[in-house]
Protein chains: 4
Amino acid sequence: MQFRNPEAVARLKADFDRQGAMASMGISVADVTPGRVVLTMPFSAAFTQHHGFMHAGVITTAMDSACGFAAFTLMDADAEVLTVEFKSNFMSPAAGQSFRFEGEVIKAGRTLTFTQGRAIALDDGTQKTVATMTATMMAVRGKTG
Amino acid sequence: MQFRNPEAVARLKADFDRQGAMASMGISVADVTPGRVVLTMPFSAAFTQHHGFMHAGVITTAMDSACGFAAFTLMDADAEVLTVEFKSNFMSPAAGQSFRFEGEVIKAGRTLTFTQGRAIALDDGTQKTVATMTATMMAVRGKTG
Amino acid sequence: MQFRNPEAVARLKADFDRQGAMASMGISVADVTPGRVVLTMPFSAAFTQHHGFMHAGVITTAMDSACGFAAFTLMDADAEVLTVEFKSNFMSPAAGQSFRFEGEVIKAGRTLTFTQGRAIALDDGTQKTVATMTATMMAVRGKTG
Amino acid sequence: MQFRNPEAVARLKADFDRQGAMASMGISVADVTPGRVVLTMPFSAAFTQHHGFMHAGVITTAMDSACGFAAFTLMDADAEVLTVEFKSNFMSPAAGQSFRFEGEVIKAGRTLTFTQGRAIALDDGTQKTVATMTATMMAVRGKTG
């Protein structure tokens, strides 16, 4: 796989920086390759559920962004990416010092792109997958973002 | 349907208040009845995606909480609620002055409870469903929260 | 809602009759209105799982067809319908003398249509929802079926 | 991973043989290892949709069985397996001479097991993933099957 748009990484980072949600939650871009995006986030007490673990919705927010931007890396220069739907499974409480979110493209199409993601908790050198996602992303053209 | 635990509403509100994510996102409880919970949230630039709409993950966070607490209203006094999985569909951009999130129980079981939710954008008196969710919730017993 | 294609019902029935799976499983069309399709199926020992209930996949096959054809009723004359993804929840064992499957459109778009479905078991005059579905359908144009 | 029940394979095959749906659709067991089950099915005109491809619901039926039996291989001797929910994504039309369905366990728990599956079309020596699934399976105890 390769980028279809030479400015894909620069545009991705600009779009990422315009997401208020990413800055507010402390999520940042760790790696971008064609069809794959990795994000990271430190544990934050501001985004927990009532047992003190990261909220399932916050974990999902980061997986959605990882999957959406992964799809974006394989789209044409005139396309914007939109989340059609996703499903998340939660295997374990999201406990850890920090989290890594991997999104990757399973099948890229002109209109729809299928992606999958996962959330990994990092704690004193150990790694544990705490959630997975499958998401459908849509390329939208002819609109200004 | 009726509450199985006379302190269900009080416990729900206490658990809600302990969710850092709800306070940080400005989400509050609007209504609680047996098997149904309604939450509200004003538009917040701090939780947008890159086109200025509310992030799909943030909308999902609120729907997940509405569905989880709806399941909780029908659980025994010794049960905690855990999200097993959910799927969200996004029909329209989450644009609006404020949002309402409805979660309701479809089928309550001793271990698993099936719920559905939806997110409604409110804008100058108009209402529009922007997303829907189906979620599976699990009752966990014998653990201290 | 209304049909966009005056021949929608006739085309739907012709397409339905060409589905080998519907005939093999004994599924038939009970009702078609704009944005909504109802199918029925008698209990069949040929399509059970190992406890003698209808197989979850067979229930899903019928819900998928109900949802897909519901989406089709609101599409243009030149469009074919394709299932992008679906999620099914199973509330109760699919036990009954016969089953009714309802599919309906939640949001119809030019490219994507969001639908929901449910499966109802009928047994000696009682009705019980045994499964629900949310499905994303896609309009495909410019191809011969 | 290893079988928790020394008779897991024998019981799995007995349960498989009692599924009317598997026999009717021509689905058979190709391989069973702890936490992973592979099924196969030849193309069958009796289970097509209206363009002559295998029906999405039939592909789903086989993926569901592969995932359910994969979960079953890691359960205790007194447990039956039940499908809680699944989501299928359809990447490509299910065209081919035969199909292989792989189900595997992602996380096995005492009550819930998370699985994933995929459907691969085989055609003149080529292989193509046409669909994927994530499914939640539940162990049910104390009931006779």
Residue match in region D:54-74 (condition: surrounded by fewer than 23 Cβ atoms within 10 Å (Cβ to Cβ) and among the small types (Gly, Ala, Ser)): no
Any hit, region D:84-101, residues being over 30 Å from A:Arg110 (Cβ atoms) and surrounded by 20 or more Cβ atoms within 10 Å (Cβ to Cβ): yes
Test: residue in region D:24-33 that is more than 7 Å from chain C (Cβ to nearest Cβ), at pLDDT 95 or above, within 18 Å of C:Met25 (Cα to Cα) and part of a helix (DSSP H, G or I): yes
Criterion (closer than 15 Å to A:Met41 by Cα, buried (at least 16 other Cβ atoms within 10 Å of the Cβ) and among the small types (Gly, Ala, Ser)) met by exactly one of A:Ala139, A:Ala108, A:Ala119: A:Ala119
Unique residue being modelled with pLDDT of 95 or more and over 18 Å from D:Gln19 (Cβ atoms) when the list is D:Phe99, D:Phe90, D:Phe47: D:Phe90
Failed item, numbered, when B:Ala77 is tested on (1) out of contact with any strand residue (DSSP E or B) (no Cβ under 8 Å at 6 or more places or on another chain); (2) farther than 19 Å from B:Gln2 by Cα; (3) aliphatic (A, V, I, L, M): (2)
Qualifying positions in region C:1-37 - β-branched (Val, Ile, Thr) and buried (at least 19 other Cβ atoms within 10 Å of the Cβ): C:Ile27, C:Val32, C:Val37
Single unsatisfied condition, C:Thr40 versus (1) touching a helix residue (DSSP H, G or I) at 6+ places or on another chain (Cβ under 6 Å); (2) farther than 29 Å from A:Ala135 by Cβ; (3) away from every other protein chain (no Cβ under 14 Å); (4) in contact (Cβ under 8 Å) with a residue 60 or more places away in the chain: (1)
Tally, over region A:117-133, of residues that are of a type in the set (S, T, N, Q) and touching a helix residue (DSSP H, G or I) at 6+ places or on another chain (Cβ under 7 Å): 0
Selection status of A:Thr48, surrounded by 24 or more Cβ atoms within 10 Å (Cβ to Cβ), within 13 Å of another protein chain (Cβ to nearest Cβ) and not small (Gly, Ala, Ser): no
Residue tally, condition in contact with a helix residue (DSSP H, G or I) (Cβ under 7 Å, 6 or more places away or on another chain) and not β-branched (Val, Ile, Thr), over region A:20-37: 7
Residues located in region B:45-54, provided they are touching an Asp or Glu at 6+ places or on another chain (Cβ under 9 Å) and without any contact (Cβ under 8 Å) to a residue 24 or more places away in the chain: B:Gln49, B:His50
Residues being touching a residue at least 12 places away in the same chain (Cβ under 8 Å), in contact with a Gly (Cβ under 9 Å, 6 or more places away or on another chain) and within 11 Å of chain D (Cβ to nearest Cβ) - total across region C:1-23: 2
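The values are calculated or read from the model by the stated rules, or taken from the named source; none is laboratory data. Nothing here was measured: the structure is a model prediction, and the numbers come from that model. A quick note on method: Cβ atoms are made from the backbone with ideal geometry, for glycine too, and the neighbour counts reach across all protein chains shown.
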